Amino acid sequence: MFDYSYTVAYIAAKETSILDRETLSRVSADRSDAVRYLSQSGYGGDGKTVAEMTDNELSSLRAFVIGALPENLYRLLILPYDAHNLKVMLKCGINGADPAPYLYDNTLIDTEIMAACCRGGEFSLISEKIAAALDPAYDDGTLGTPFGISTEVDRAFSAQIADEASEAPLPVRDFIAAETDGKNLLAYFRAINTGLDPETFSKLILPGGKAPAEIFTRAYETREEDLRQFTLGLDVHDAFAEAADQAKISLSSASDVLDGYVRSKLEPYRYETDSPAPVFLYFRKKTAEARAVREAFQGGVQ
């Protein structure tokens, strides 16, 4: 059995320095002081802007989990960043831009391999499951538009992650499913705000959550502002209801509710030294911190 004793002790020490939204809200009132404050808080390495510091912090976080978890588990956390890289490469292939400035490091798939997949429209070097979804999308031109790229890549990687998570320990499986449910509900709120047609919206729903896709598509037909009547008896019911209330204030507030729901799948195991749950929980807290930093200093600070 994998022993996480040292890792759990390390995380316990590091968690005390995670910046919360309330603190960031106070600091962001004086935007000119942001970089100095973040730097003094140990955030972001040698970044010169808030954007650089956030990227540096997430890069270090990815490196940490790659070293702290077995490969079959850290893949679940890193694959979304590979999905980002693939989307960047495909979109830059359309407009001729250089993808390098927009790519994440400390990921799983070598960028040269990914670039070769994009040139040839054959993605089996990433995974056979992802290739089964993306090869036809490339051939029929779906990957020739930014929306098609975003939806098809996100769905393909979400299915891959859900498949791999099925072999993970129970709290990790629940965490991955809850994370997908949260993403789908936020997509629902955004689609209502932007007025997407139902067919287009349906393409945004990711596989792997516990809330069936039909719940979202049925509710969307009448543009219900919350999904209470559709989620009775489901684990997501209370979290979705509270998130719907908070979405009337802002999507950021709804995100915070859903983040709490996702973390609740791991909190009971936060000090377990024979479980990967503390690492997944720390990763979630740090990514939430990065989101809060970006929102507090939206647009970046020089």
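Things worth noting here:
- Per-residue Cβ neighbour rank within 10 angstrom, fewest leading, Ile205, Ile109: Ile109, Ile205
- Across Lys91, Lys14, Lys286, mean-square fluctuation computed from a Gaussian network of the chain (C-alpha pairs under 10 Å connected) peaks at Lys14.
- The phi-based Karplus calculation (6.51 cos²θ - 1.76 cosθ + 1.60; θ = phi - 60°) puts the 3J(HN,Hα) values of the stretch 72-79 at 5, 9, 5, 4, 5, 8, 8, 3 Hz, whole numbers, x for Gly and Pro.
- From the alpha carbon centroid of the stretch 139-211 to that of the stretch 41-94 is 19 Å.
- Expressed as a whole percent, the proportion of Cα-Cα pairs in the chain lying more than 30 Å apart is 36%.
- Two-decimal ratio, the stretch 77-231, of alpha-carbon radius of gyration to 2.2 N^0.38 Å: 1.08
- Calculation over all alpha carbon pairs of the stretch 170-273 in 5 angstrom steps from 0 returns a P(r) of 2, 13, 24, 25, 19, 9, 4, 2, 1, 0 percent.
- Under a model in which nothing but the beta-carbon of Lys, Arg (+1) and Asp, Glu (-1) is charged, the chain shows a dipole of about 620 debye around its Cα centre.
- 3J(HN,Hα) from dihedral phi, the stretch 172-185, Karplus parametrisation 6.51/-1.76/1.60, rounded to Hz, x for glycine, proline: 5, 4, 5, 4, 5, 5, 5, 4, 5, 4, x, 4, 5, 5
- Taking the inverse of the mean reciprocal distance over all distinct Cα pairs, the Kirkwood hydrodynamic radius of the stretch 74-168 comes to 13.2 Å.
Coordinate-derived values only; no laboratory data. Since the model is a prediction, treat every value here as computed from it, not as a measurement. Positions of Cβ are generated from backbone atoms using ideal geometry, with glycine treated the same way; all protein chains shown enter the neighbour counts.
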